[in-house]
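Novice: Sharing a structure here in structure tokens format.
The values are calculated or read from the model by the stated rules, or taken from the named source; none is laboratory data. Quick caveat: nothing in here was measured; it's all calculated off a predicted structure. Because the Cβ atoms are built from the backbone with ideal geometry, glycine has one as well, and the counts that use them run over all protein chains shown. Accessible surface areas use protein heavy atoms only, side chains included; no ligands, DNA or RNA. Shrake-Rupley method; radii C 1.70, N 1.55, O 1.52, S 1.80 Å.
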Amino acid sequence: MTDRNQNPESCNGACETCGTDCPSRTGGAPDFRIEPHPRSSIRKMIGIVSGKGGVGKSFVTSALASEMQRRGYRTGVLDADITGPSMGKVFGVTEKAMGDGELMYPAFTKTGIQVVTSNMLLQSDDQPIVWRGPVVAGLIKQFYQEVFWDRVDYMFVDMPPGTGDVPLTAFQSFPLDGIIVVTSPQDLVSMVVEKAINMARMMNIRVLGLVENMSWVECSDCGRKMYVFGESHIEEVAAKFGTEVLARIPLDEKNARASDAGDIEDLEVEPLKKAADLIETL
Ligand code: ADP
């Protein structure tokens, strides 16, 4: 692992006589970012974040990855939600981990997205992951450093939810070019979303914008929009943090069906096109 914070080997601790710009001398924020294996290449890395589970973070991750793959980019998905993995399911990937003794190989989805998820390490998908935090955090890093990521243009990271120790490791370790924060109208009132945004800011990671998922349900008879989770406050939160609303996605049975059947790549989620356009400009 490359540690950018390491002082030079000649360090004798006397900062006043040394000109090296290491964090211990400058007092800057320590940099814990890691690098991929020399055989891998990843051009841009985008984290998909949520305050808590169940708001559709995985749905947005997989739908956005599918959109970028459709646009002709080589796309990867790193499922860093180790204890609640869903990338295998939404992409219909069931194969187990394979490697060459040095690196693990990602699975390929039907349209060719490279995917790594903790389910690939389990004998059966219903096996629970009962690992302690440091083991989970270690695996997150291995998924980046010890996997052969083959010329990936856009890598989407399904980040672990919340702001605890494991998400912190993911935030600190990956050289993220930006994050997208997924919320639902009820989640938005919670402070956890704001904490997640603040955490990214503290680490100088750009917040690309917010996605409000499950914003409304449309009546199939009259077309009326019903705001089942209450009124949206997403514009206010976006304004407060100086970021933008990238999408508002309705709660729609076809979204759940495609995810559950492993057919997410067959689904075009129209509201996410603006987010994909922004990602193309990174
Ligand atoms: P998270 O990753 O935040 O825990 P998921 O993406 O797994 O959440 O979504 C939770 C459940 O809700 C899944 O079954 C998913 O298919 C479903 N779901 C997510 N977004 C939508 C939506 N817009 N419409 C319908 N179902 C959705």
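Novice: Mind checking which residues of region 50-65 are more than 8 Å from the ligand (Cβ to nearest atom) and more than 11 Å from Ser259 (Cβ to Cβ)?
Specialist: Answer for region 50-65, where residues must be more than 8 Å from the ligand (Cβ to nearest atom) and more than 11 Å from Ser259 (Cβ to Cβ): Gly51, Leu64, Ala65.
Novice: A follow-up question, please. Taking Glu231, is it open to solvent by 90 Å² or more (accessible area, probe 1.4 Å), more than 16 Å from the ligand (Cβ to nearest atom) and more than 16 Å from Val193 (Cα to Cα)?
Specialist: yes
Novice: Look through region 112-141, keep the residues that are among the hydrophobic types (A, V, I, L, M, F, W, C) and under 19 Å from Arg151 (Cα atoms), and return whichever of them is surrounded by the fewest Cβ atoms within 10 Å (Cβ to Cβ).
Specialist: Applying the filter and picking the extreme gives Val115.
Novice: Another one. Before we move on, is Ser220 within 16 Å of the ligand (Cβ to nearest atom), surrounded by 16 or more Cβ atoms within 10 Å (Cβ to Cβ), over 20 Å from the mean Cα position of the chain (by Cα) and within 30 Å of Lys110 (Cβ to Cβ)?
Specialist: Here the answer is no, as Ser220 does not meet what is asked.
Novice: While we're on this one: Among what's in region 244-282 and is near the ligand (Cβ under 9 Å from one of its atoms) and assigned to a loop (DSSP other than H, G, I, E, B), pick the residue that is most open to solvent (accessible area, probe 1.4 Å).
Specialist: It comes out as Leu251.
Novice: Would you tally the residues in region 27-55 being at pLDDT 95 or above and buried (at least 23 other Cβ atoms within 10 Å of the Cβ)?
Specialist: 3
Novice: Quick check on region 66-111: of everything there that is closer than 17 Å to Ser259 by Cα and among the small types (Gly, Ala, Ser), which residue is surrounded by the most Cβ atoms within 10 Å (Cβ to Cβ)?
Specialist: Checking each candidate, the answer is Ser66.
Novice: A further question on this structure: Output yes when any residue across region 97-113 is aromatic (Phe, Trp, Tyr) and modelled with pLDDT under 95, and no when none is.
Specialist: no
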